[in-house]
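J.: Take this structure first; my questions come after.
The values are calculated or read from the model by the stated rules, or taken from the named source; none is laboratory data. Source: prediction; values computed, not measured. Positions of Cβ are backbone-derived with ideal geometry, glycine not excepted, and every protein chain shown enters the neighbour counts. Note: areas computed on protein heavy atoms with side chains; ligands, DNA, RNA excluded. Shrake-Rupley method; radii C 1.70, N 1.55, O 1.52, S 1.80 Å.
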Amino acid sequence: MTLPAELDVVFIDVGGPIYHDETFVDAVTLALDDIRADRGEGPAERAQVKGVYDRIRVAQNGSFRSALATEVLGDSSLRGELHARTERYWHHPVGSLYSDVLPFLQSLRGRVQVGILANQEASVIDALRRDGVGELIDIWGVSAVVGHEKPSRELFDWCLAQAGTTAERAVHVGNRLDNDVRPAAALGLGTVWVLRGDAPDDPTDEQRAEPDLTVADLDGLGDVLLAGRSS
């Protein structure tokens, strides 16, 4: 598949493309410590947590919280509890917005619809509005609000319905193959893989071949996406 020439909407993930992913990792680690404290255990070994995270980044497959529940807590059923406890710590502080985000979104404004399509807590909406992103967003596909999470197709379908268009006239920009590129491509959306945050430092040729386009950042991406668009 190639990027669509008839483009109606560009969806973008939050963690990685818009905000630094370190905030998520830190939040999950603190939630993990809370659960361990309830069991009379000390904080999780940071090297072990980092090892799990790095392994998933390289593989581009699997849930960070599921792996921690199994490998650090020793109980896969605690994934839900870890998810719930992450919310209180997961915030996007001032200064964590990538500098190329606003120029990218501004390049799309008025030419195509722009939508958030992300596994995030509802509080991300306030952060995006605070940082000037909110006024550039037409569709708010935030998992905690919509009630569906990537990689399930329901969140993608909901966002497409809100945009009033079809997958063939949409692009999704994300930084994970398993949660962004693969489910979007399976539905027929164009895909852009951004190599930061949860993306691996040195992706394989096979991984690079999965998306329609692989980029290091968002600089100039708006022009690329709109280059073949009929006006």
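J.: Among the helices (runs of 4 or more DSSP H) confined wholly to the range 61-109, which include 3 or more residues that are open to solvent by 60 Å² or more (accessible area, probe 1.4 Å)?
T.: 79-86
J.: Which helices (runs of 4 or more DSSP H) sit wholly inside the range 123-231 and have at least 3 residues that are under 15 Å from T2 (Cβ atoms)?
T.: 221-226
J.: On to the next question. Report whether or not V52 is in a helix (DSSP H, G or I), over 30 Å from L136 (Cβ atoms) and open to solvent by less than 10 Å² (accessible area, probe 1.4 Å).
T.: For V52, the condition - in a helix (DSSP H, G or I), over 30 Å from L136 (Cβ atoms) and open to solvent by less than 10 Å² (accessible area, probe 1.4 Å) - is met.
J.: Consider L189 against the criteria (1) within 26 Å of S63 (Cα to Cα); (2) open to solvent by 10 Å² or more (accessible area, probe 1.4 Å): it satisfies all of them except one. Which criterion is unmet?
T.: Of (1) within 26 Å of S63 (Cα to Cα); (2) open to solvent by 10 Å² or more (accessible area, probe 1.4 Å), only one is false for L189: (2).
J.: Based on this model, can you work out whether H148 counts as surrounded by fewer than 21 Cβ atoms within 10 Å (Cβ to Cβ), within 15 Å of the chain's Cα centre (by Cα) and farther than 19 Å from V9 by Cβ?
T.: Criteria not met by H148.
J.: Name the one entry in A161, A216 that is surrounded by fewer than 16 Cβ atoms within 10 Å (Cβ to Cβ), on the phi < 0 side of the Ramachandran plot and free of Cβ contacts under 8 Å to residues at least 12 places away in the same chain.
T.: A161
J.: Yes or no: R176 closer than 16 Å to D13 by Cα, open to solvent by 20 Å² or more (accessible area, probe 1.4 Å) and out of contact with any Ser or Thr (no Cβ under 8 Å at 6 or more places or on another chain)?
T.: Criteria met by R176.
J.: For the range 174-193, indicate whether the set of residues that are among the hydroxyl-bearing types (S, T, Y), touching a Leu at 6+ places or on another chain (Cβ under 9 Å) and within 17 Å of P17 (Cα to Cα) is non-empty.
T.: Yes, there is a match, as at least one residue in the range 174-193 is among the hydroxyl-bearing types (S, T, Y), touching a Leu at 6+ places or on another chain (Cβ under 9 Å) and within 17 Å of P17 (Cα to Cα).
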